[in-house]
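Chemist: Here's a structure for you.
The numbers here are math on the coordinates, done by the rules we state, and not lab data. Everything numeric here is computed off the predicted structure, so don't read it as measured data. Because the Cβ atoms are built from the backbone with ideal geometry, glycine has one as well, and the counts that use them run over all protein chains shown.
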Amino acid sequence: MEERDVIRVIIDFLSKQFPKDCNCCGKHYHSLADFIKNTKHLGQPVSYDADEKDWFPKIPIGTISIYTCSCGTSLSLGSDGMNVMTLWRIMQWARKESKARGTTISDVLEDLRDKIDNSVLQDEDV
């Protein structure tokens, strides 16, 4: 799996999590692009399975990225519900990238999140 494939798979998966509402203020995010434009990242994404060094979890704990709504409420996007084989392929890609870059999985995921954000927003402008 190459980075562009990982980006495409994750965008397709995350897009299916919309529409989404803030459970505190009720703000409605009609699409992934709307969500990206109107929230702020809160820290780095976390892969709980990678933290446990479980690269092929039978029952994944998952990966999560936290965002802040304009009202201050924490919102998340994650891998819950992703096909386990797809998750394994992405985890293997992230592990390989982490080793190649000499950095942490969270650093790789943060870079990936930024590229996903840019890709989603560019596609919306078309």
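Chemist: Go through the stretch 89-106 residue by residue and tally those that are crowded, with 18+ Cβ neighbours inside 10 Å and either closer than 15 Å to Trp55 by Cβ or in contact with a Phe, Trp or Tyr (Cβ under 9 Å, 6 or more places away or on another chain) (or both).
Modeler: Counting residues in the stretch 89-106 that are crowded, with 18+ Cβ neighbours inside 10 Å and either closer than 15 Å to Trp55 by Cβ or in contact with a Phe, Trp or Tyr (Cβ under 9 Å, 6 or more places away or on another chain) (or both) gives 6.
Chemist: For the subset of the stretch 8-51 comprising residues that are touching a helix residue (DSSP H, G or I) at 6+ places or on another chain (Cβ under 8 Å), within 25 Å of Met91 (Cβ to Cβ) and hydroxyl-bearing (Ser, Thr, Tyr), which member is surrounded by the fewest Cβ atoms within 10 Å (Cβ to Cβ)?
Modeler: Ser15
Chemist: Which residue is nearest to Leu109 (Cα to Cα), if the candidates are limited to the stretch 6-23 and must be out of contact with any Leu (no Cβ under 9 Å at 6 or more places or on another chain) and in contact (Cβ under 8 Å) with a residue 24 or more places away in the chain?
Modeler: Val9
Chemist: Quick test for you: out of Thr73, Thr68, pick the one residue that is polar (S, T, N, Q) and either under 26 Å from Ile105 (Cβ atoms) or under 14 Å from the mean Cα position of the chain (by Cα) (or both). Can you show your working first?
Modeler: Values: Thr73 fails: either under 26 Å from Ile105 (Cβ atoms) or under 14 Å from the mean Cα position of the chain (by Cα) (or both).
From the options Thr73, Thr68, the qualifying one is Thr68.
Chemist: Filter the stretch 75-101 down to the residues that are out of contact with any helix residue (DSSP H, G or I) (no Cβ under 8 Å at 6 or more places or on another chain) and β-branched (Val, Ile, Thr) and list them by number.
Modeler: Once the filter is applied, which keeps residues that are out of contact with any helix residue (DSSP H, G or I) (no Cβ under 8 Å at 6 or more places or on another chain) and β-branched (Val, Ile, Thr), the stretch 75-101 yields only Val84.
Chemist: Against the conditions (1) within 15 Å of Ile116 (Cβ to Cβ); (2) touching a strand residue (DSSP E or B) at 6+ places or on another chain (Cβ under 8 Å), where does Gly62 fall short? Just the number, please.
Modeler: (1)
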